[in-house]
Structures are given as C-alpha cells and as structure tokens.
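Asker: Here it is: the structure, laid out below.
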Amino acid sequence: DMVKQFIVLENRVSMNWTDPRLAWKGIARPELAAVGAIYAPLDWLWTPDISVSQPVEIRNHDQSKLLAEISSDGQVQTKLAFGLTKKCNMQLASFPFDKQQCNFSMASGQRPPNSLRLRVVRSIAIDLSIRFLRSNEYCVTAVDSILKWVYSSYHQMERLPMYYVIVLIIPSALILATCIFGFLLPADSGDRLALNVAILLSMSVFLQLAGSITPAQSESVPVL
C-alpha cells in the first residue's frame with residue numbers, strides 16, 4: 001500500500017534449536033537405539049522467544065496442528081508461517097522511477113541481546129522469480145540479510161513505471177505543451193482565455209490524481 005506506506009509479506013520461516021532435555025542419544029536403553037527422530041506437537045515444546053520488531057499487524061496462521069521434528073541429539077526443527085504488515089518509509093523524489101528498500105527484523109522480545117545468538121543453519125541461494133510473486137506495481141530486485149543477535153532482512157524493490165507514464169507523465173507533458181501554445185495566441189484573442197481556463201482545470205484534476213496515489217509526506221516529495 002503505497003499511500004499508507006505499508007508492505008505486506010507472507011513468510012515461511014524454518015527454525016532449528018537444540019534442547020538438551022529432549023535428547024536420548026547415549027542413553028543405555030535398547031528400545032531407543034534405533035530411533036533417530038520423533039515428531040511431537042509444537043505446543044508441547046519450549047520454543048525460542050523470537051518475534052518481529054515493530055510490526056503493524058501479524059497474522060498467525062493456524063499452528064495448532066504444527067509438528068516439530070526432534071532428533072536423538074536434542075535438535076528440534078519446525079517451520080512457521082505467518083503474514084506480516086510492516087511500515088516502510090518510501091523515498092519518492094524520483095517517482096515513478098523510484099527504488100525502495102524495506103526491511104524487517106526478528107529478535108528476542110524479553111531476553112538481553114547477548115543471551116540469545118541467532119545463526120544460519122545453511123545458506124540458500126534465493127531465486128527471486130520463484131520466492132517472490134511479481135506484482136503489477138513492484139518487482140523485487142534483491143534480498144539481503146544480516147544475522148547476529150538480531151535477524152534483519154532487506155528487500156529492494158523497483159517500481160514498474162509504465163502505468164504512471166501513461167496516466168501521469170504523458171498527460172502532464174501535453175498540459176505543458178498546451179500551456180506553451182497559449183502564449184503564442186494573440187493577447188486580445190478570446191480563445192486564449194478559454195484555453196487558459198481549460199489548462200487550469202486540467203492541472204486541478206492532475207494534482208488530485210497525483211495526490212491520491214502518493215503518500216502525504218514532506219520528507220521526500222516527487223519531482224513530477
């Protein structure tokens with residue numbers, strides 16, 4: 001939502017952690033020797049205190065039937081799915097040929113920063129054509145992440161300008177050309193007054209249209 005400066009993400013997060021209390025490897029019991037992993041409801045287990053920083057809205061999907069895989073060494077693996085609405089401050093100076101960068105962070109909400117350390121289990125090359133659906137307004141050009149005590153993900157997006165070229169730039173160029181043509185008419189011509197009134201009305205409609213599709217902000221005003 002460009003006017004409200006919100007970005008909506010559907011996330012799939014794979015989480016791994018080690019809980020020594022769940023390990024049975026090394027226990028001298030024959031019936032456990034052949035068991036490599038078991039599955040248990042996620043509600044039965046301790047889960048890390050990880051949450052999204054400063055969200056506008058989080059839509060948790062039904063997690064009552066989620067299972068966690070528990071290995072014999074106490075390693076727990078599960079996958080979570082949730083929807084996220086996050087504030088994304090836009091830089092619109094070069095609108096509609098602008099590029100935006102939105103980010104969201106995940107960290108512990110109650111623990112001190114140095115008491116919980118996050119790490120990447122394995123590095124996965126992100127195929128943008130598969131992981132992100134291309135919308136009619138933006139396309140994701142790059143995704144980067146920084147991981148330490150806080151996981152930060154950065155999404156770089158580029159606007160598809162064709163719609164705005166047809167709706168805004170071409171009409172504004174025609175209005176400008178008509179305004180220049182008005183100065184060429186004789187001063188005592190009655191058509192000059194009618195043309196200037198038509199240009200004024202066209203500019204009013206153009207400004208209303210431009211204001212309805214851009215956020216009301218003073219930090220970055222479109223040059224257009």
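The values are calculated or read from the model by the stated rules, or taken from the named source; none is laboratory data. Values in this document were obtained by computation on a predicted structure and should not be read as measured data. No Cβ is skipped: glycine too gets one built from the backbone with ideal geometry, and neighbour counts run over all protein chains shown.
Asker: Please go through the range 174-224 and give me each residue that is closer than 30 Å to Asp98 by Cβ and small (Gly, Ala, Ser), ordered by number.
Answerer: Residues satisfying the conditions are Ala177, Ser202, Ser204, Ala210, Gly211, Ser212, Ala216, Ser218, Ser220.
Asker: Go through the range 84-99 and give me each residue that's out of contact with any Phe, Trp or Tyr (no Cβ under 6 Å at 6 or more places or on another chain), over 26 Å from Ile50 (Cβ atoms) and not basic (Lys, Arg).
Answerer: Correct list: Met90, Gln91, Leu92, Ala93, Ser94, Phe95, Phe97, Asp98.
Asker: Out of all the residues in the range 182-192, which are in a helix (DSSP H, G or I) and exposed (fewer than 12 other Cβ atoms within 10 Å of the Cβ)? Show your work before the answer.
Answerer: Pass one, the range 182-192, residues in a helix (DSSP H, G or I): 182-184, 190-192.
Hits for the range 182-192 are Phe183, Leu184, Gly190, Asp191.
Asker: Quick one: in the range 67-102, of everything that is free of Cβ contacts under 8 Å to residues at least 60 places away in the same chain and touching a Cys at 6+ places or on another chain (Cβ under 9 Å), which residue is farthest from Asp43 (Cα to Cα)? Give the derivation first.
Answerer: Taking the range 67-102 and keeping what is free of Cβ contacts under 8 Å to residues at least 60 places away in the same chain, we get 67-75, 100-101.
From what is left, the residues that are touching a Cys at 6+ places or on another chain (Cβ under 9 Å) are 100-101.
Values: Gln100: 38, Gln101: 36 Å.
Checked the range 67-102; the qualifying residue farthest from Asp43 (Cα to Cα) is Gln100.
Asker: Restricting to the range 32-71, count the residues that are within 14 Å of Leu22 (Cα to Cα) and at pLDDT below 75.
Answerer: Within the range 32-71, residues that are within 14 Å of Leu22 (Cα to Cα) and at pLDDT below 75 number 1.
Asker: Now a separate question. Can you give me the ranges of the strands (runs of 3 or more DSSP E) entirely in the range 4-77 with at least 2 residues that are within 20 Å of Val150 (Cα to Cα) and out of contact with any Leu (no Cβ under 8 Å at 6 or more places or on another chain)?
Answerer: 6-18
Asker: Just the residues that are surrounded by 13 or more Cβ atoms within 10 Å (Cβ to Cβ) and either modelled with pLDDT under 80 or not in a strand (DSSP E or B) (or both), please, taken from the range 146-163. Don't jump to the end; show me each part of the working.
Answerer: Filtering the range 146-163 down to residues surrounded by 13 or more Cβ atoms within 10 Å (Cβ to Cβ) leaves 147, 149-161, 163.
Within the range 146-163, Leu147, Trp149, Val150, Tyr151, Ser152, Ser153, Tyr154, His155, Leu160, Pro161, Tyr163 meet the criteria.
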